[in-house]
Amino acid sequence: MDFIDWRKSPDKIKIDSETAKANTSRFRGKRYNNYVEEIIQEAQKRGDFSNLPGMGKPLDLGDEGYAGDNAMAYHILKSNGLAPAEIELAKEIRTEQDRAEANLAKIVHQGKVLRSRRIPPFASEKHAFNIAVEKAAAEYEKTLRELNRKILKLNLTAPSVMHQPSLSIEPLVQQFRASCPGTSF
């Protein structure tokens, strides 16, 4: 079925009665989906879709399908390189936890290096190491408490899929102290 613009003057409008009747009879009795599908296939045969922008490239569907009412806000955040607050908070929690574990790994490595030397460590080295272990343990405990506060905030604001378990502070600090014995060189 061809579109006819009735606003044009009658002499510019060409109505071919035979094609109009053929088109109307061709689509009569068909379901709407079949009609639309047939029109799309005809347009493809004519090449109407061959020069569209993005031809041959995958569609960028994004993850905004589940956002509901927040889809537009999430799209604006994503296009500006940001993420929703709960995603940023989860990322911050992971980063701080990794940083704390890396600091502990340095102290544990330092203790292994002191214990594996041929020459036993001097008393000043032992003392400095013991102070570093105590300082690292206190800092680790402080970091874990701050992480638990952030995890609680995340669990209160984020969907249940993103919830994280709180950290057991005392067992983690004891585990660090056990992996890094102070004066037993």
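The values are calculated or read from the model by the stated rules, or taken from the named source; none is laboratory data. Remember, it's a predicted structure, so these values are computed and weren't measured experimentally. Heads up, the Cβs are rebuilt from the backbone with ideal geometry, glycines too, and the neighbour counts pull from every protein chain shown.
Key figures for this structure:
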{"read-out": "Candidate set: region 144-182, residues that are among the small types (Gly, Ala, Ser) and touching an Asp or Glu at 6+ places or on another chain (Cβ under 9 Å); chosen: the one farthest from ILE87 (Cα to Cα)", "value": "GLY182"}
{"read-out": "Residue check for ALA138: at pLDDT 95 or above, more than 19 Å from ALA90 (Cα to Cα) and part of a helix (DSSP H, G or I)", "value": "yes"}
{"read-out": "In region 149-173, residue nearest to the chain's Cα centre (by Cα) [restricted to those that are within 14 Å of ARG94 (Cβ to Cβ) and in a helix (DSSP H, G or I)]", "value": "MET162"}
{"read-out": "Members of region 79-105 that are surrounded by 15 or more Cβ atoms within 10 Å (Cβ to Cβ) and charged (D, E, K, R)", "value": "GLU86, GLU96"}
{"read-out": "Total residues in region 108-145, condition more than 34 Å from the chain's Cα centre (by Cα) and closer than 13 Å to ARG177 by Cα", "value": "8"}
{"read-out": "Qualifying residue in region 111-128 (condition: touching a Lys or Arg at 6+ places or on another chain (Cβ under 9 Å), β-branched (Val, Ile, Thr) and either in the same structural domain as VAL161 (by TED's automatic domain parsing) or under 18 Å from ILE169 (Cβ atoms) (or both))", "value": "no"}
{"read-out": "Any hit, region 175-182, residues being modelled with pLDDT of 95 or more, within 14 Å of GLN97 (Cβ to Cβ) and surrounded by 13 or more Cβ atoms within 10 Å (Cβ to Cβ)", "value": "no"}
